[in-house]
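The values are calculated or read from the model by the stated rules, or taken from the named source; none is laboratory data. These numbers come from a predicted model, not from an experiment. With ideal geometry, Cβ positions are generated from the backbone for all residues, glycine too; neighbour counts draw on all protein chains shown.
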Amino acid sequence: MKYCQNCGAELADEAVTCPKCGAALGGANVAYGSAPANRLKTNRSLLVFILLNAITLGIYGLIAMSNVGESLNCAASKYDGKKTMHYCLLFFIVGPLTLEIGSLVWFHNMSSRVGNELKRRGIDYSFGAGTFWGWNVLGLLILVGPLVYTHKLFKAMNLICEDYNVKG
């Protein structure tokens, strides 16, 4: 089995162009189906997040969100040329210095990037910057909105990481 190096679409063995993105397929544009050496975590869970975050007084939350950013960079940077800032840098420095406006921008950009990666990989799951603004920001009015956002983020990242672990 082989995959397009441009968009990651699965290709027929006889394909000369990618049916998804139209890239010409030569030796350099085709990756043969070997899983990447670096396997990404695919078992993120809201319940585990809540429990471990409470037990560790918030430390697990920092680790989990840092892992989301690192996994996104690993799976998407080669295709979109972007890099998501490490969550600890945001949490301890950028957020406080910008009166948390930096945090809003970080979550907006990261959520948008997750949505774009889902689309690029052909994964049928709805997620994006609108999910962040709808559930995490406006959802504060019903109190459980941020939990719904976190669940949707973890599910989206699990889907991306599962796809990455198979296709690279």
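Starting from the range 73-94, take each residue that is of a type in the set (S, T, N, Q) and list its partners that are surrounded by 14 or more Cβ atoms within 10 Å (Cβ to Cβ) and in a helix (DSSP H, G or I), counting only C-beta distances under 8 angstrom and pairs at least six apart or across chains.
84/69; 84/72; 84/73; 84/106; 84/109; 84/110; 84/113
Could you please let me know if residue 45 is surrounded by 14 or more Cβ atoms within 10 Å (Cβ to Cβ), under 17 Å from residue 91 (Cα atoms) and modelled with pLDDT of 95 or more?
No.
Between 66, 103, 126, which is surrounded by fewer than 18 Cβ atoms within 10 Å (Cβ to Cβ), closer than 26 Å to residue 19 by Cβ and free of Cβ contacts under 8 Å to residues at least 24 places away in the same chain?
The conditions single out 126.
Quick one: would you say residue 158 is more than 21 Å from residue 49 (Cβ to Cβ), out of contact with any Pro (no Cβ under 7 Å at 6 or more places or on another chain), touching a residue at least 40 places away in the same chain (Cβ under 8 Å) and polar (S, T, N, Q)?
So residue 158 does not fit the description; no.
Tally the residues that are within 13 Å of the chain's Cα centre (by Cα), among the aliphatic types (A, V, I, L, M) and part of a helix (DSSP H, G or I), restricting the search to the range 121-168.
Total meeting the criteria: 6.
Can you pull out every residue in the range 129-167 that is among the polar types (S, T, N, Q), crowded, with 20+ Cβ neighbours inside 10 Å and within 24 Å of residue 39 (Cα to Cα)?
Within the range 129-167, the subset among the polar types (S, T, N, Q) is 131, 136, 150, 158, 165.
Still in the running and crowded, with 20+ Cβ neighbours inside 10 Å: 131, 136, 150.
Once the filter is applied, which keeps residues that are among the polar types (S, T, N, Q), crowded, with 20+ Cβ neighbours inside 10 Å and within 24 Å of residue 39 (Cα to Cα), the range 129-167 yields only 150.
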